[in-house]
Amino acid sequence: MSDGRDAFPEGFLWGVSTASYQIEGAVAEDGRGPSIWDTFSHQPGKTTNGDTGDIACDGYHRTDSDLDLLSELGVGGYRFSIAWPRIQPDGHGAPNQAGLDYYRRLVDKLLERGIAPLVTLYHWDLPQPLQDKGGWATRDTADLFADYAATVAGALGDRVPRWITLNEPWVASSMGYRSGEHAPGITDPQQYVAAVHHLLLGHGKATAAIRAVTAAGVLPSGRPPEVGITLNMAQIYPADPSRTADRELAADLDADINGVFLDPLTRGAYPARLGPGQAPGPGLIRDGDFATIQAPIDFLGVNYYAPHIVGVREDGIVRRGDTPMPWRPGGVFTQPEHLPVTAMGWLVDPNALHDLLLRVHDDAGEVPLYITENGAACYDYVNPDGTVDDPERVAYLHGHLQAARQAIADGVPLRGYFAWSLMDNFEWAHGYSKRFGLYFVDYGTQRRIAKGSAGWYAEVAKTNSVPSS
Ligand code: IFM
């Protein structure tokens, strides 16, 4: 391109992402049952300021005006998630028709606007009654998830072109069952490894279930819908590549965060580096499980925000910017001074996205990739004239889109990019204190205000290109 912009391949899909519990509110309406996040966020001390998703962005009642934002952005795709407890308040059995109708209306309205829905079936809001029976630490949950997936795909399979089974199973298992920072707030290594295995099984079984109910020809295109999974991935670097201890620590962390889900999906085994207690063992794995988990996928979703740069302080002295790893004596996350950080304290390093995409492509082969989330939390505020400027977010998106473009040029089959997020929303344990949106949400009035990044991203989607510099 000659006008100072760099083009993406024709047909590249531009979109934005959200998730049910983070935006919908209306937690007790139209037959929705409680989820683990309702329970968790209502427990004192679990979220910043005691924030809950009870109201969130009130998205459930504002579907049309929020769809207008998507049209304003000019995106071709919208990734949202379905709240399992709206479909099956008890986590099993006959569906709640009002729940299915709500999402059917949403999908239809998207299609009317020419926006392709990318539907996530599980973005962490497990029905509470299933947690009462053990949640993801219980094998039955994988089967119930597949039943739920079949129910939703049965109702919407003739109009949804792409399905994501799970969002970020590492976060759901590690933060939900190991560190306890997320719902259901459990800190038990055994339940953690069980949750890892059952999430993967649930993904494999749901993939098969969606395919079974959406046989070829169901979509108007005549093609069957595509099914994939979204992993949160971080490129991990040793702080000092010349030191064996740093390299070993980086490899261990890579296995723990990336490999624990990527390896079973791509090569049918947990990473050898993960010892007993760090990965599911023979007590959990049954014959045929890896074949189930390896059900062929049509795409892999990558959520990328930041790299980790890790080192071992053998002298035990923690340096400025270090965050110690409580589980690894001497191990620290470092913050090199040359890299900015976001309002989450996460490093900003677009090159790491480039490196990560090449690595995932290496591991996953020719499977098409989508960046299903990428974005930054910034210290956004409304100016006296009513506008919201977010040059740091624009710089973040710009750098990462240039990195994605370079990865495509280097041979990565990247087919689309979804910015996180359409609008500010409930950022889990951080409540409403962190803002990731292209639209600012004034939670008192529920007014949405386009930030500078919204206009910038609209230009990207319209021209299928990013500024060259
Ligand atoms: O808000 C979350 C989202 O729900 C999952 N991926 C990371 C985002 C930012 O933390």
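Label positions at S469 and K109, each projected 7 Å from the Cα along the C-beta direction, are separated by 4.4 nm. Each helix, a run of at least 4 DSSP H residues, gives -39500 (n - 2.57); summed and divided by the residues of the chain, these come to -10000 deg cm²/dmol at 222 nm.
Beyond a 30 Å Cα-Cα separation, which of these cross-linked pairs lie in this structure: K109/K451; K46/K462; K109/K462; K434/K462; K205/K434? Beyond 30 Å between Cα atoms: K46/K462; K205/K434. With the simple model of a label 7 Å out from the Cα in the direction of the Cβ, D410 to E72 spans 3.6 nm. Here A269 and L219 are evaluated by their C-beta separation; at R0 = 30 Å the FRET efficiency comes out at 0.30.
Size descriptors for the chain, from the alpha-carbon set: Rg then Dmax equal 21.2, 64 Å. Structural size metrics of segment 235-301, computed from C-alpha coordinates, are Rg and Dmax of 14.1, 42 Å.
The relative contact order of the chain comes to 18 percent, based on Cα pairs under 8 Å that sit 6 or more residues apart.
Summing Cβ point charges (Lys, Arg +1; Asp, Glu -1) relative to the Cα centre of segment 233-369 gives a dipole of roughly 280 debye. Remark: segment 289-435 projects, on average over all directions, an area of 12.4 nm² (convex hull of Cα atoms). The modelled label-to-label distance for the pair Q446/A208, using points 7 Å beyond Cα in the direction of Cβ, is 4.2 nm. Using only side-chain charges placed at the Cβ, +1 for Lys and Arg and -1 for Asp and Glu, the dipole size of the chain relative to its Cα centre rounds to 480 debye.
With all projection directions averaged, the alpha carbon convex hull of segment 365-469 covers 8.0 nm². With R₀ fixed at 35 Å, the C-beta to C-beta distance from A98 to Q190 puts the FRET efficiency at about 0.40.
Laboratory data are not the source of any read-out in this text; all were calculated from the coordinates shown. Keep in mind that this is a model prediction, so the values were computed, not measured. Counting neighbours? That spans all protein chains shown, and the Cβs are built from the backbone with ideal geometry, glycine included.
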